[in-house]
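Chemist: Pasting a structure below so you can have a look.
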Amino acid sequence: LLAVGALSYLWATPGVAPGFFDMFVLAFVERLFRPTYRKDDFVLGKKLGEGAFGVVYRVSLAKKPSSKKDGDLVLKKATEYGAVEIWMNERVRRACANSCADFLYGFLESSSKKGAEYWLIWRFEGEDTLADLTQRKEFPYNVETMILGEVQELPKGLERENAIIQTIMRQLLFALDGLHSTGIVHRDIKPQNVIFSEGSRTFKIIDLGAAADLRVGINYVPKEFLLDPRYAAPEQYIMSTQTPSAPSAPMAAALSPVLWQLNLPDRFDIYSAGLIFLQMAFPSIRSDSSLIQFKRQLKRCEYDLNEWRKSVEPRASPDLRRGFELLDLDGGVGWELLTSMVRYKARQRISAKGALAHPYFDREGILALSVMQ
Ligand code: ADP
Ligand code: MG
């Protein structure tokens, strides 16, 4: 079994094989060696979230056998879409574990009163999502202390804020690059789905409930009704409507690397990540209503950020002007990166890997600031 496991691990390396081994062999072998959980293992704590497709709680273990990990956990009780979410989390766990919250186990719980539910268990990564952190007045300085673990003495100002935002963007793009290299498009990237992991002191992605794995054809048909209109890219379908819908899994596996190249579905997430970048640079665009207003303005400018800038800059508030100033630092590399992420045509948007190699990230971010000190 171990030999088969080792072999299939090689096969499941991202980009090597489209995931057959990963699906059938490795998944099976790995499950044999991992701790499993049952309904009665959990003591329900605080409710963390509730959506149309499930409820999320912080939970602790009723008793703590040594084989199971210590500390608090997160439980999502999901509807029928939970099956896909479990599949995505299992795949992420094996192919790009650092991109997302640490997934422990998923199972079908059929004894509940509401009928069958899927239960998903993660390690509790931390109290704050990026949405919680950006809503606070001290942002981005609150994030700096979380990542570095100490209060900095350097004077506050644009340079410093830019270095913190750059560090957050680098971590977010790194996580996205992991997902995309595995063939997964998240489709619901937004500050509420980016969690700060207190253990690793980095940002990780959560909520694979709307994700699609195009290399093996799981959730191939776009569930556009799942998409959050606040952060969704203008294209309604992440795959061209010309592509045949829902081929069988083997067909999709054969076709999808080609379809991926043709349609660049990953760029849907890049648009959403660009909006997060924008909101971090401009405090006045952080609320839902101001983001919706921004999207209306951008649409009027035919999704051209430079046109938008021309239209708002002459009568910009001091707050808005400060955002432009931040993005204009170092010869405008920040603005350049932002405009290459938020573009109407998916094809013209930069990839996650491309963005990580962008000159905006040439400096080391807040880690360099702390060394300078
Ligand atoms: P939903 O479908 O309700 O959006 P999410 O998976 O996004 O479900 O989880 C809802 C909320 O629960 C998140 O916004 C976050 O605050 C919290 N949460 C989810 N997973 C974790 C985790 N691993 N660690 C800590 N908090 C989490
Ligand atoms: Mg969510």
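Chemist: Could you pull out the residue among GLU80, GLU85, GLU90 that is within 16 Å of ligand 1 (Cβ to nearest atom), within 23 Å of LEU208 (Cα to Cα) and exposed (fewer than 15 other Cβ atoms within 10 Å of the Cβ)?
Modeler: GLU80
Chemist: If you don't mind, there's one more thing I want to ask. Within segment 295-311, can one find any residue that is among the aliphatic types (A, V, I, L, M), assigned to a helix (DSSP H, G or I), surrounded by fewer than 17 Cβ atoms within 10 Å (Cβ to Cβ) and modelled with pLDDT of 95 or more?
Modeler: no
Chemist: Moving on to the next point. Among the residues that make up segment 143-150, is at least one of them within 16 Å of ligand 2 (Cβ to nearest atom) and either at pLDDT 95 or above or more than 26 Å from GLY331 (Cα to Cα) (or both)?
Modeler: Within segment 143-150, none of the residues are within 16 Å of ligand 2 (Cβ to nearest atom) and either at pLDDT 95 or above or more than 26 Å from GLY331 (Cα to Cα) (or both).
Chemist: More than 16 Å from ligand 2 (Cβ to nearest atom), over 23 Å from LEU227 (Cβ atoms), crowded, with 16+ Cβ neighbours inside 10 Å and not acidic (Asp, Glu): which single residue out of PHE124, PHE42 fits that description?
Modeler: On inspection, the qualifying residue turns out to be PHE42.
Chemist: Also: Could you tell me whether segment 277-292 includes any residue that is assigned to a loop (DSSP other than H, G, I, E, B) and touching a Lys or Arg at 6+ places or on another chain (Cβ under 9 Å)?
Modeler: Among the residues of segment 277-292, at least one is assigned to a loop (DSSP other than H, G, I, E, B) and touching a Lys or Arg at 6+ places or on another chain (Cβ under 9 Å), which makes the answer yes.
Chemist: So how many residues does segment 158-199 have that are of a type in the set (Ser, Thr, Tyr), modelled with pLDDT under 95 and within 15 Å of ligand 1 (Cβ to nearest atom)?
Modeler: 0
Chemist: Given the conditions (1) surrounded by 19 or more Cβ atoms within 10 Å (Cβ to Cβ); (2) farther than 14 Å from THR202 by Cα, report the number of the one that LEU172 does not fulfil.
Modeler: (2)
Chemist: Of all residues in segment 201-220, how many are modelled with pLDDT of 95 or more and away from ligand 2 (no atom under 16 Å from the Cβ)?
Modeler: Here the count works out to 2.
Chemist: Note down all Cβ pairs under 6 Å where the first residue falls in segment 151-171 and is under 16 Å from PRO359 (Cα atoms), the second is assigned to a helix (DSSP H, G or I) and open to solvent by 20 Å² or more (accessible area, probe 1.4 Å), and they're at least six residues apart or on different chains.
Modeler: ASN162/LEU329; ALA163/LEU369
The values are calculated or read from the model by the stated rules, or taken from the named source; none is laboratory data. Nothing here was measured: the structure is a model prediction, and the numbers come from that model. Cβ: placed from backbone, ideal geometry, glycine included. Neighbour counts: every protein chain shown. These accessible areas exclude ligands, DNA and RNA; they are computed on the full protein's heavy atoms, side chains included. Shrake-Rupley method; radii C 1.70, N 1.55, O 1.52, S 1.80 Å.
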